[in-house]
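Undergrad: Supplied in structure tokens, the structure appears directly below.
The values are calculated or read from the model by the stated rules, or taken from the named source; none is laboratory data. Keep in mind it's a predicted model, so treat the numbers as computed, not measured. All Cβ positions, even for glycine, are placed from backbone atoms using ideal geometry, and neighbour counts span all protein chains on display.
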Amino acid sequence: MSDLKNKRIITVATTGAWPTKKDTPNVPIEPAEIAREIYDCWKAGAAVAHIHCRDDEGRAAMVFEKFEETVRLIRERTDCDIILNITTSGGVNLREEDRLRPFYELKPEMCSYDCGSMNWQHNAVFENNPQFLEKLGLMAQEAGVKPEIEVFDPGMIYNAAYYIKKGILKLPAHFQFCMGVAGGIAATTKNLAFMKDILDETVPGSTWSAFGVGKGAMEIMYAAIAMGGHIRVGMEDNVLYKKGVVADSNVQFVERARRVIEEFTCEVATPAEARQILGLKPRA
Ligand code: ZN
């Protein structure tokens, strides 16, 4: 077996909650579009797909049927062994039961776990209250779904350490450093090093991935690869491929991530390798 230390996982977040067809006609919104895009991203090197769906008007929503259709369409492509990670957020001000249902019933291998509340982009509270986080952690254990612990600032890492101690989250833990969102930590190399140091001290042995929203996107990608982390790309985080240029597709982001990883003389993890790195069961 090749050395897993040299492998980097590419997660693709194709859709997210915010970009609309007005922002970019290239963002996939309908289940069939999302499923097709995820398949193409898998072919290009993505090992994990972080999935959001929208309602019929394209708005941020947790409509169970949309997730069900999207997941079914991906699973129908039986050659595609990408790891599915279903969001438990989907936007702000959504009902908790709607946030909990898709991962619990559809049983992807992973789900997101936003480890604290924050003022989102200066316009709303992104609420993940303690009771919700306890419920989500226990339901994920019950469903056999591994949480990806999303942290938007260093305090959320300490929050995660608390939930690990309480048995709400299990080890080994996997973190996603979400950087550059207004209301959270800025997307800089210095901040990433700080976050990684805190993680190594508080939850040693964890795996981690990172992304930057906006102008810090490339800096975080290069820095994360250099620091031994994994990376996330896609239109959930950035609709611009570079300044002033709208991305053609999510595949374009995955292809660039692959080139950067390979130029660094690392290798892109396959989904099977990503399962080993993340401590997931091999695919049946
Ligand atoms: Zn998301």
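Rundown of residues vs (1) part of a loop (DSSP other than H, G, I, E, B); (2) within 16 Å of the ligand (Cβ to nearest atom); (3) out of contact with any Leu (no Cβ under 8 Å at 6 or more places or on another chain); (4) at pLDDT below 95, yes/no style:
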| position | (1), (2), (3), (4) |
| --- | --- |
| G91 | yes, yes, yes, yes |
| L100 | no, yes, no, no |
| N119 | no, no, yes, no |
| K135 | no, no, no, no |
| I149 | no, yes, no, no |
| F177 | no, yes, no, no |
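Undergrad: Moving on to the next point. Which of (1) of a type outside the set (D, E); (2) crowded, with 20+ Cβ neighbours inside 10 Å; (3) more than 16 Å from the ligand (Cβ to nearest atom) is the odd one out, the single condition N129 does not satisfy?
TA: (2)
Undergrad: Could you please find all residues in segment 236-257 being touching a residue at least 60 places away in the same chain (Cβ under 8 Å) and within 20 Å of V268 (Cα to Cα)?
TA: Listed by number, the residues that qualify are S249, N250, V251, F253, V254, E255, A257.
Undergrad: Name the one entry in V27, V48, V12 that is more than 16 Å from the chain's Cα centre (by Cα) and of a type in the set (A, V, I, L, M, F, W, C).
TA: Details: V48 fails: more than 16 Å from the chain's Cα centre (by Cα); V12 fails: more than 16 Å from the chain's Cα centre (by Cα).
After ruling out the rest, the residue left standing is V27.
Undergrad: Looking at this structure, is T11 in contact with a helix residue (DSSP H, G or I) (Cβ under 7 Å, 6 or more places away or on another chain) and either closer than 20 Å to I83 by Cβ or crowded, with 16+ Cβ neighbours inside 10 Å (or both)?
TA: Criteria not met by T11.
Undergrad: Can we say A161 is in contact with a Leu (Cβ under 7 Å, 6 or more places away or on another chain) and either of a type outside the set (F, W, Y) or in a helix (DSSP H, G or I) (or both)?
TA: In short, no.
Undergrad: Mind checking which residues of segment 30-40 are within 16 Å of the ligand (Cβ to nearest atom) and either farther than 28 Å from A269 by Cβ or within 14 Å of the chain's Cα centre (by Cα) (or both)?
TA: Within segment 30-40, just I38 meets the criteria.
Undergrad: Given the structure, is A35 among the small types (G, A, S) and in a loop (DSSP other than H, G, I, E, B)?
TA: On the way: among the small types (G, A, S): yes; in a loop (DSSP other than H, G, I, E, B): no.
The answer is no for A35.
Undergrad: Which residue is nearest to the chain's Cα centre (by Cα), if the candidates are limited to segment 224-273 and must be within 22 Å of T24 (Cβ to Cβ) and of a type in the set (F, W, Y)?
TA: Step by step, filter segment 224-273, then rank; the result is F253.
Undergrad: Among the listed residues W42, W18, identify the single one that is surrounded by 15 or more Cβ atoms within 10 Å (Cβ to Cβ), modelled with pLDDT under 95 and not small (G, A, S).
TA: W18
Undergrad: In addition: Among the numbered criteria (1) on the phi > 0 side of the Ramachandran plot; (2) touching a residue at least 24 places away in the same chain (Cβ under 8 Å), which one does G167 miss?
TA: (2)
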